[in-house]
Amino acid sequence: MNPESTIQKPQTVYVVDDDPSVRKWLLRLLRTKGYDIRAFASANEFLARDLDASDEGGCLVLDVAMPGLSGMELQEALGEDSMPIIFLTGHGDIPMGVSAMKKGAADFLVKPVAGRDLLKAIEVALHRDEEARAHRAEIAEIRNREKTLTPRERDVMQLVITGMLNKQIASKLGIEEGTVKIHRGRVMTKMGVPSVAELVALCAKIAAD
C-alpha cells in the first residue's frame with residue numbers, strides 16, 4: 001500500500017463573507033486547526049467555484065447579509081442535501097435563526113462570535129457531514145447490490161423480508177419450492193448478507209432513505 005494513501009486529507013471549511021476583515025479573521029482562526037480553507041467574497045462567487053474531486057464535503061461558514069444573493073438565499077439554492085451550514089450574522093433575529101435551522105442549518109451564530117464557539121460549531125458540523133456522506137455511500141452500495149438482482153430474484157426478496165416461508169413464496173409466485181430456494185440463495189449472495197435479519201435491515205435502510 002502506498003503510504004501516502006493512508007494520510008488523512010484535511011477537512012474543508014468554506015467561508016463566504018463580503019467583509020474582508022471578517023474573512024481575514026476566519027482564515028487566521030481556522031488555520032490554527034489545520035483545515036483546508038476556501039474563502040469567497042459573495043454567494044455568487046461560491047456558486048461559481050470550480051468543482052473538482054476534492055469537493056467531496058466539509059462545512060460552510062456563511063454570512064447572512066451580503067450584497068447580491070444573501071446567505072439565506074444561498075441556503076435555499078443549495079438545498080437540504082448540501083454540506084452543513086453555520087450562519088454568521090450581525091443582523092440576525094430569532095425568527096431568522098429558527099427558519100435557517102428548520103431548513104437544515106447546523107448553527108446560527110451572532111457576530112461578534114467567540115473563536116472557541118465557532119470552532120466548536122465547525123467541529124460538530126464536520127462530524128455531521130462525515131456521517132451524512134458515510135450514510136449516502138452505504139445507501140449507494142446497497143442500491144448497487146440491489147441492481148444486480150433479476151426481476152424474479154427481486155420478487156423473491158420482497159416476499160422473504162415479509163417473513164414468508166419458501167413454500168408460501170412458491171405458492172404466491174406460482175413456481176417450485178426448489179426454484180425459490182435457488183433464487184433465495186442468489187439474493188443472499190448478491191446482497192452480501194448471511195441472514196434474513198440482515199437482509200431485512202438492508203431493505204429497511206433503502207426504504208427509509
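VAL98 meets all of the listed conditions (1) surrounded by fewer than 18 Cβ atoms within 10 Å (Cβ to Cβ); (2) assigned to a loop (DSSP other than H, G, I, E, B) but one, namely (2). Among residues of segment 170-192 that are within 18 Å of ALA204 (Cα to Cα) and at pLDDT 95 or above, those with a Cβ under 8 angstrom from a residue that is among the acidic types (Asp, Glu) and buried (at least 17 other Cβ atoms within 10 Å of the Cβ), sequence gap 6+ or separate chain, pair up as VAL187/GLU153; LYS190/GLU153; MET191/GLU146. Six or more apart or on different chains, Cβ under 9 Å: which pairs go from a residue in segment 78-92 that's closer than 17 Å to GLU45 by Cβ to one that's of a type in the set (S, T, N, Q) and in a strand (DSSP E or B)? Could you list them? As it stands, the answer is MET83/THR12, since those pairs meet every condition given.
When the residues of segment 109-124 are filtered to those that are surrounded by 13 or more Cβ atoms within 10 Å (Cβ to Cβ) and more than 20 Å from GLY57 (Cα to Cα), which remaining residue is nearest to the chain's Cα centre (by Cα)? Among those that are surrounded by 13 or more Cβ atoms within 10 Å (Cβ to Cβ) and more than 20 Å from GLY57 (Cα to Cα), it is LEU109.
Residues that are assigned to a helix (DSSP H, G or I) and over 19 Å from VAL13 (Cα atoms) within segment 102-123 comprise just one, LYS102. Within segment 39-52, residues that are assigned by TED's automatic domain parsing to the domain that holds THR12 have Cβ atoms under 6 Å from residues that are basic (Lys, Arg) in these pairs: ALA39/ARG23, counting only partners at least 6 apart in sequence or on another chain.
Can you say whether LEU69 is outside any helix (DSSP H, G or I), surrounded by 13 or more Cβ atoms within 10 Å (Cβ to Cβ) and over 14 Å from the mean Cα position of the chain (by Cα), as far as the supplied structure shows? Yes; evaluated as a whole, the condition is true for this residue. Taking segment 166-181 as the range and being surrounded by 15 or more Cβ atoms within 10 Å (Cβ to Cβ) and assigned to a helix (DSSP H, G or I) as the test, the residues that pass are ASN166, ILE169, ALA170, LEU173, THR179, VAL180. Give the residue that is surrounded by the fewest Cβ atoms within 10 Å (Cβ to Cβ), with candidates limited to residues of segment 125-165 that are touching a Cys at 6+ places or on another chain (Cβ under 9 Å) and closer than 29 Å to ASP17 by Cα. Per the criteria, the residue is ARG128.
Based on what the data block shows, is GLU153 more than 20 Å from the chain's Cα centre (by Cα), without any contact (Cβ under 8 Å) to a residue 12 or more places away in the chain and either part of a helix (DSSP H, G or I) or more than 27 Å from GLY57 (Cα to Cα) (or both)? For GLU153, the condition - more than 20 Å from the chain's Cα centre (by Cα), without any contact (Cβ under 8 Å) to a residue 12 or more places away in the chain and either part of a helix (DSSP H, G or I) or more than 27 Å from GLY57 (Cα to Cα) (or both) - is not met. Every condition in (1) at pLDDT 95 or above; (2) over 25 Å from TYR14 (Cβ atoms) holds for ALA207 except the one numbered (1). One residue stands out in segment 22-66 among those that are over 20 Å from the mean Cα position of the chain (by Cα) and among the β-branched types (Val, Ile, Thr): the one that is surrounded by the most Cβ atoms within 10 Å (Cβ to Cβ), namely VAL64.
The values are calculated or read from the model by the stated rules, or taken from the named source; none is laboratory data. Worth saying up front: this structure is predicted, and the values here are computed from it rather than measured. Using ideal geometry, Cβ is built from the backbone for each residue, glycine included, and neighbour counts are taken over all protein chains shown.
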